[in-house]
Amino acid sequence: MFNFTPLLGAQSSSPASQSLLELDGGVKVLVDVGWDEGFDVQKLKALERHIPTLSLVLLTHATPAHIAAFAHCCKNIPLFTQIPVYATTPVISLGRTLLQDIYSSAPLASTIIPASSLSETSYSYSSNNAGLSLEILLQPPTSEEIASYFSRIHPLKYSQPHQPLPSPFSPPLNGLTITAYNAGHTLGGTIWHIQHGMESIVYAVDWNQVRENVLAGAAWLGGSGSSGAEVIEQLRKPTALVCSARGAERVPLAGGRKKRDDLLLDMIRAAVAKGGTVLVPTDTSARVLELAYLLEHAWRKEFSDSAGESPLKTTKLYLASKNVGATMRYARSMLEWMDENVVREFEADSSNINNRQHKRTDSKQNTGRDRHESSPQDSQPSGKSGGPFDFRHVKLLERKSQVDKMLSSDGARVILASDTSLEWGFSKDVLRAIAAHPTSLIILTEDYGNSIREDDDESPGLGHTLWQWYQERRDGVAMEIGADGQNLEQVHTGGRHLEIKTAQRVPLEGKELLIYQQYLATQRQLQNTIQSGNGTGLETSADAIDENSSTSSSSSDESDPERQGKALNISATLGHSNRNKTGAAKEELGVNILLRQPGLYDYDVRGKKGRETMFPFVSKRRRGDDFGDLIRPEDYLRAEERDEIDGQDMRDAGPRKQTSFGQKRKWEDSGLQTATGRRLSAGINKRRNTGTGQRAGPPVNGLNGIHQSSGGAGEEAAEDSDESDTEGEELLAGPSKVVFETSSIQVSLRIAYVDFAGLHDQRSLFMLIPLIQPRKLIIVGGTASEAATLAEECKQKLLAHITGSVEAASDDVLTPIIGQTVGASMDANAWTVKLTEALVKRFRWQNVRGLSVVTLTGRLAAAVEDRPQADALSRKKQKILKGEAEAMGIDDIPSASAAAPDAVPILDSLPPSMAAATRSVAQPLHVGDLRLADLRRILQSADHTAEFRGEGTLVIDGLVAVRKSGTGKIEVEGGGLTAPESQARYVEGTFHSVKRKIYESLAIIAGG
């Protein structure tokens, strides 16, 4: 069984992606936790309902459309942190920097508490809500919390089959295997292959087959460096293929990647030649690597040409993002995930560094050479080398003060700024500053038609508005001439007015603060009740969990009965929790009173039955896996090692509780027990840090990367930053709300478009899906028009060829909408049989590409499986049922022993009388899939000449032709004579030699 439900992104203009895969046995797999630039919590309601039943989570790309809601779910949904999450190492590292940038730049990412949640949990809201703003924000996760969330993700490598661990509330996975393959598009982007029983599912959303400067192409045809014409075996012929429809209507640019890169550079040269500013909106950690690499190497090439007069030599290049330093640091440590050309460039640069160091060593040994006479190349420090991401021309800007200083200066400049949506980040600030200059240019790098907001109450975003202006071309088009003579289209805006809506975080005051405190107290009490789990039933716990997550799921238009029902559930849960904590009646606690009330050791068991007659025992679950029990290294630290970690004992897993007034505290926590003052200083530092709630300095572990940068950016950032700027740009701590400010600016700049999205286009989709040959095709992502276009094309090219008619093929191409569940199970005739020991001993296994294959002939018979004897509890239950039946006047009631036995088919070996007759009829079987390219390589290694002629025909030694039909049948034509030049070869002819090589490539399984 395989059911697929798109939670977000199906036939929608929103780029966010969330998909739910339900397999046999109740196993549920969530792929991606994406969000769009609106950060609307109502779009996460469907996800929250499935959280208590999820088995594992898979992440595909480090982009907001695939990972933006991950930190929100970890912080505001308690059960989400217990679900195992799997992703590649680049997705983990770059996703961490992405979310840290989002929460530090976009106040709306903290999410507004719905009015319905405030009315249910706050006592003063219903009576004193007149004139109050309801846009109260939740507390955003800190950078340290985001880093801890991502540290829990299990890293995987490409082409590494892995059997994941299930969540605590998940059914057994029954051999579920996941494998990650390169998807292109982003660094570490993943195509997931999920194998569960007979279901082989390939989840491929947002991939790119084209090889780029930094990223290799998708792994459909073998990845980078391969020239295969067929899809790799692991991804070919799956039972279901989940594919995105984005780009199904986009025709690729003629000329490929080189034409795209030249078009972008020509646009920049034309603008900076006039002294203008070029803004290129990009993301924080994904496509920015491709753009930064391209521009850095273009600047290097221009500066290396001393004779040329290029406008780029007098143009400054900036990269503005709050966490870009950490992003580039991670990129320099993950070169093995990039294209092989980047790896070769890094190796070449490393060898050049070694040569320069060797020259300096030799020069020091020369006594006649003065130190000041050394060449500039020899004196170049190793840190300024020309590595792939060791920037010499790109200057990194990580603070708003640095961006403001850069904008106040004169001269031509090119600015890469986050985010692509222009709704948050430095790109909005740069757009506001350069919009009025006619010489300025903004280059859109993706189709913003996919980011239309579906809410009728909200206006479209800045990115979509500029994209509409670019398509309308109301005020004319400016034609510039490129380097190769092509026309460069730049659309005039004509002084149109653009409204910019800015969200600011403001601290709460007065009644708003009281409402938030009451809401927060109720949520904390609910969370403690859920985590303790004492005396709470399953239904009550589920309701409490749903209410705890209502900070991101409750809507303001709920009906009164639903609201009253939730309020009753909250009251019941809190009441039950308070009763358990403050002490319940002895009759209610029963024998558990020995555990609940300290100092009580006697309990009267006279007249009690069942578990009330035994001492209560709570067994502690031992954490372990297939390799044994899990140990904690911090439990085995020496005393001096524990003292070195800020005087804090690592055995305390959770944060230390703050002692209130009048409460005793331990002598170790006072920080006054040593005479050296070591623990004293640590204790004082702790109290200072907890009081301010802010970082006192740069992060030690380098997770944030805000105070670090690379190359020329690092020096300028150090000069521009000071303590006042750092304090002014820290996030507002404490309860806050969001306030919107709307301003109108006049736009006179030009708009251009170069496709740098790095996604599959129409040609890639129409070419590769027929080669993959899936049994079922599920289309998600993209608009309804794109989904319909791709579905119609696939029915004609793929499934109509298999089924014979387009009408029959329409059942195998599924285009669900958001929230619609479709069944994509494979229709296979499969049964479960038992094999006898005598039959198993006669098996002769053969290995075929990692699979063990055997042929057998047996006799099928039916047998009755022995049912286990009913235990005392079941007999007692039957006795009670019979007694109740007699009292109600029922004659008889079926018992457990009277139930129909289960018929289990058994396959046994044939008797000797039948074995001789069947052995003469059985024929040997050839198992395997022989590729002509592999056969050509085998024959060439055996000193044969083999070459392809025509379409699908392999000619060997000019005498034998080998063809392969569509059904897999291999045809060999030719004579048995040997060629004149091969007299010294084997005695057998070429024909027999070719047949022998074909048989050696297949597994021959004898019949009988």
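Bear in mind that the values in this text are calculations on the coordinates, not laboratory data. Since the structure is predicted, the reported quantities are computational estimates derived from the model, not experimental observations. Cβ: placed from backbone, ideal geometry, glycine included. Neighbour counts: every protein chain shown.
Observations, loosely collected:
- Under-5 Å amide H pairs with K395, H placed in peptide plane, nonlocal only: L317, Y318, L319
- Quarter of Cα convex hull surface for segment 237-316, i.e. mean projection, nm²: 8.5 nm²
- Backbone HN-Hα couplings from phi across segment 589-603 [Karplus 6.51/-1.76/1.60, Hz, Gly and Pro as x]: 6, x, 6, 5, 5, 5, 9, 7, 9, x, x, 9, 10, 10, 8
- From largest to smallest, the equivalent ellipsoid semi-axes obtained for segment 1-124 from the alpha-carbon gyration tensor read 23, 19, 14 Å.
- Summarising the amide proton neighbourhood of G222: residues at separation of 5 or more, or on other chains, whose placed amide H is nearer than 5 Å comprise I232.
- Each label was represented as a point 7 Å from its Cα along the Cα-to-Cβ direction; for Q597 and A784 these points are 6.6 nm apart.
- Phi angles of segment 168-180 translate, via the Karplus equation with coefficients 6.51, -1.76, 1.60 and θ = phi - 60°, into HN-Hα couplings of x, 9, 9, x, x, 7, 6, x, 4, 10, 10, 9, 9 Hz per residue; Gly and Pro are given as x.
- Rounded to the nearest whole Hz, the Karplus-based 3J(HN,Hα) values (6.51 cos²θ - 1.76 cosθ + 1.60, θ = phi - 60°) of segment 289-300 follow the sequence 5, 5, 5, 5, 5, 5, 5, 4, 6, 5, 5, 4, with x at glycine and proline.
- With only the Cα atoms considered, segment 738-803 has a convex hull volume of 184 Å³ per residue.
- Full-stretch length increase - E973, T953 - with 0.36 nm per residue and alpha-carbon distance subtracted: 6.1 nm
- Using a Förster distance of 30 Å, the FRET efficiency for D404-F303 (Cβ separation, nearest 0.05): 0.60
- Ordering of 953-959, 26-32 by packing is 26-32, 953-959, highest average first (other Cβ atoms within 10 Å, averaged per residue).
- Here the calculated FRET efficiency for I745 and K258, from their Cβ-Cβ distance with R0 = 51 Å, stands at 0.90, rounded to the nearest 0.05.
- The calculated FRET efficiency for the pair D604 and V853, based on their C-beta separation and a Förster distance of 60 Å, comes to about 0.30.
- The H on the amide N of L835, modeled in the peptide plane, is under 5 Å from the matching H of L907, each at least 5 residues off or on a different chain.
- Spin-label pair A961/T945, simplified geometry with 7 Å Cα→Cβ offset, distance in nm: 1.8 nm
- Length added when fully stretched, E347-K313, from 0.36 nm per residue minus Cα-Cα: 9.5 nm
- Per-residue packing, averaged as other Cβ atoms within 10 Å, sorts the ranges 483-495, 776-788 into the order 776-788, 483-495, beginning with the highest.
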